[in-house]
Amino acid sequence: QAAAGGGRAALRACGVHNVCRLLSRRAHGFYARDAGVAHRKNLGLLRKIMCQESTKFKNVWTTHSASPIAYERGRIYMDNYQCCITSIAQQPRLIYQKSKCAKSEKIEDALLLECPMGELLPSPSDYKASLIVLTVQNWLLRLSADSGEVLEKVYLAGSCCKFFRYLSWDTPQEVMIVKSAQNKLPAAARQAGIQQTVLFYLAVFQVLPLSFIGMLEINKKIFGNSVTDVAVSNGILIVMYSMGLVRLYNFKAILEQFMEQQFHLGQEFNWNGQVGIVGKYPFGLPCNIKITDTPPLLFEASSLENAFQIGGYPWHYIITPNKKKHKGVFHICSLKDNALAKNGIQDMKCCSLEPDWIYFHPDMSGRIIHVGPNLIKVLKLKEVKNHADQMEIAEDFTIVANRENCVNNSVTVTASGRVVKKRFTLLDDDPEQETFKIVDYEDELDLLSTVAVTQIGADGRAHLDFHCNEHGILLKSIPLKESWDVTYSHEVYFDKDLVLHIEQKPNRRFSCYVYQMVCDTARDDD
């Protein structure tokens, strides 16, 4: 009642008599007592401070490792998640270090689990961040993000599957998918004429509290012989085929239609002649969702290398025509009727070793980001004038690499006056020219970040730039101190006042460089 009274008072105070307008004004922080307003103001201040000329980013910590390094929300994980280091402190420091695990306990994949807002949870530990990990022996563990302590453990495999390898979100922080590796028979079994019809297993969990929804098979008899991979995202089962075909099915409808019996973790069960406890060794999880008929098809498209994305408003999808000669050509089409949008064929005509890439902007604006070696185009969908039912692709803004000093003349004249013609032209992503390697979006600060690299000889130099997400204006440029080799694998994370660079060198050598925001002073020129 007090909240309702406060809402009515706010309506009267600002003269707003429309609920939609009130909600819109609240979302933009017009009312100082609303939850989240102070947080938005603080982030706005942080963005202004960070983009000031006097603000620098200093390399405060560097480490090297013989095992992969991972980063999740202010935490750096090393030694197969046995070592956790916080990057939030002024200088990274150790949170916990566990003893080295046996090969049988090796972690295959991990997801960070954060507490949902405004929900009552059964255990106090559920209100703190935790890490869901999948081990090589098919154990699903929930670990405390602060201590590494095992909070929950579930055995997955049972008799149906021995190779669960991948974790992903169906609905972020709500529904999790555990996927097996593709089932393949040994050569001797294939020679004996034995056929394998089950390609993948998917186990579905609700998280916080962790609960088992069901397990299902992806079977050749239902989905066809040429299935190469499957994924689940936002309630959609995505099935990919060797000839480039992508098919979409309603995953929630599949769970409801084909579930034979519901089971709960820790429940005793008698299933297909097996007696055991759900989620306990050695029985694991029952395969309680049996797809007996092909589910209704929602949508299908053919695309080179199964590349398929959905986004925008109204809904559109992006594909590449399914022929090798069309690699690097993207078609943007309406999901409603498959109509190609006006100007919907995007082709940068790059001549480069690495292809350009395209994706829907993660800021939920419905825009599209198209990245080439020396050009980033941010595109938007808009109605065609006088044709409300047709959409066109228009350029919102572009970001261009700095190649002012690049000279690529095919004909040069020597000092003696001799004309020399080059037999080749430089590639668009030639290492000696500034080339875009990474584009990302920082949602809390509403900044578009880009990493551009120039390599002269063995020494490569990179800089991280921050651009206004609305107009593309360059706001800040941060030089990275370490050398950048374009032949290595790189990841760069920009998380509020932190920049983290993870580099993978040959022979499984990994390096991590941490930069933190500092206010420049006369005594500190870093």
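The values are calculated or read from the model by the stated rules, or taken from the named source; none is laboratory data. These figures come from a predicted structure and were not determined experimentally. Counting neighbours? That spans all protein chains shown, and the Cβs are built from the backbone with ideal geometry, glycine included. Note: areas computed on protein heavy atoms with side chains; ligands, DNA, RNA excluded. Shrake-Rupley method; radii C 1.70, N 1.55, O 1.52, S 1.80 Å.
Contact map, the range 250-279: first residue touching a residue at least 24 places away in the same chain (Cβ under 8 Å) and closer than 16 Å to residue 202 by Cβ, second residue assigned to a loop (DSSP other than H, G, I, E, B) and among the β-branched types (Val, Ile, Thr), Cβ cut-off under 6 Å, separation 6 or more or different chains; pairs are 258/291; 263/278.
Each row is one residue, and each column tells you yes or no for (1) aliphatic (A, V, I, L, M); (2) surrounded by fewer than 16 Cβ atoms within 10 Å (Cβ to Cβ); (3) under 27 Å from residue 86 (Cα atoms).
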| position | (1), (2), (3) |
| --- | --- |
| 431 | no, no, no |
| 458 | yes, yes, no |
| 493 | no, no, yes |
| 501 | no, no, yes |
| 512 | no, no, yes |
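Looking across the range 177-197, the residues that are in contact (Cβ under 8 Å) with a residue 24 or more places away in the chain and assigned to a strand (DSSP E or B) come down to 177, 178, 179. Taking the range 58-77, which residues are open to solvent by 20 Å² or more (accessible area, probe 1.4 Å) and hydrophobic (A, V, I, L, M, F, W, C)? Correct list: 60, 61, 66, 70. Residues in the range 325-348 that are more than 24 Å from residue 374 (Cβ to Cβ) and outside any loop (DSSP other than H, G, I, E, B): 333, 334, 340, 341, 342. Here are the criteria: (1) assigned to a strand (DSSP E or B); (2) under 23 Å from residue 378 (Cα atoms). Tell me which single one residue 313 does not satisfy. (1) is the only condition that residue 313 fails. If you check residue 420 against the conditions, is it assigned to a strand (DSSP E or B), modelled with pLDDT under 70 and surrounded by fewer than 20 Cβ atoms within 10 Å (Cβ to Cβ)? For residue 420, the condition - assigned to a strand (DSSP E or B), modelled with pLDDT under 70 and surrounded by fewer than 20 Cβ atoms within 10 Å (Cβ to Cβ) - is met.
Applying the criterion of being of a type in the set (D, E, K, R) and under 23 Å from the mean Cα position of the chain (by Cα) to the residues of the range 301-337, the residue that is nearest to residue 220 (Cα to Cα) is 305. Residue 99 falls short of the stated requirement of being open to solvent by less than 30 Å² (accessible area, probe 1.4 Å) and farther than 24 Å from residue 205 by Cα. Looking only at residues of the range 492-526 that are over 22 Å from residue 52 (Cβ atoms) and outside any strand (DSSP E or B), we find that the one that is modelled with the highest pLDDT is 506. So, in the range 132-150, of the ones that are buried (at least 17 other Cβ atoms within 10 Å of the Cβ) and aliphatic (A, V, I, L, M), which residue ends up farthest from residue 93 (Cα to Cα)? The selected residue is 140. Of all residues in the range 372-389, those satisfying the criterion of being in a strand (DSSP E or B), in contact with a Lys or Arg (Cβ under 9 Å, 6 or more places away or on another chain) and either among the hydroxyl-bearing types (Ser, Thr, Tyr) or buried (at least 20 other Cβ atoms within 10 Å of the Cβ) (or both) are 378, 379, 381.
Per the listing 476, 481, 437, the residue uniquely open to solvent by 30 Å² or more (accessible area, probe 1.4 Å) and touching a residue at least 60 places away in the same chain (Cβ under 8 Å) is 481.
Would it be correct to say that residue 465 is in contact (Cβ under 8 Å) with a residue 12 or more places away in the chain, acidic (Asp, Glu), closer than 20 Å to residue 68 by Cα and open to solvent by less than 60 Å² (accessible area, probe 1.4 Å)? No. Within the range 360-371, restricting attention to residues that are under 21 Å from residue 339 (Cβ atoms) and not hydrophobic (A, V, I, L, M, F, W, C), the residue that is surrounded by the fewest Cβ atoms within 10 Å (Cβ to Cβ) is 366. For residue 253, are the conditions met, namely being in contact with a strand residue (DSSP E or B) (Cβ under 9 Å, 6 or more places away or on another chain) and either open to solvent by less than 70 Å² (accessible area, probe 1.4 Å) or within 30 Å of residue 334 (Cβ to Cβ) (or both)? The answer is no for residue 253.
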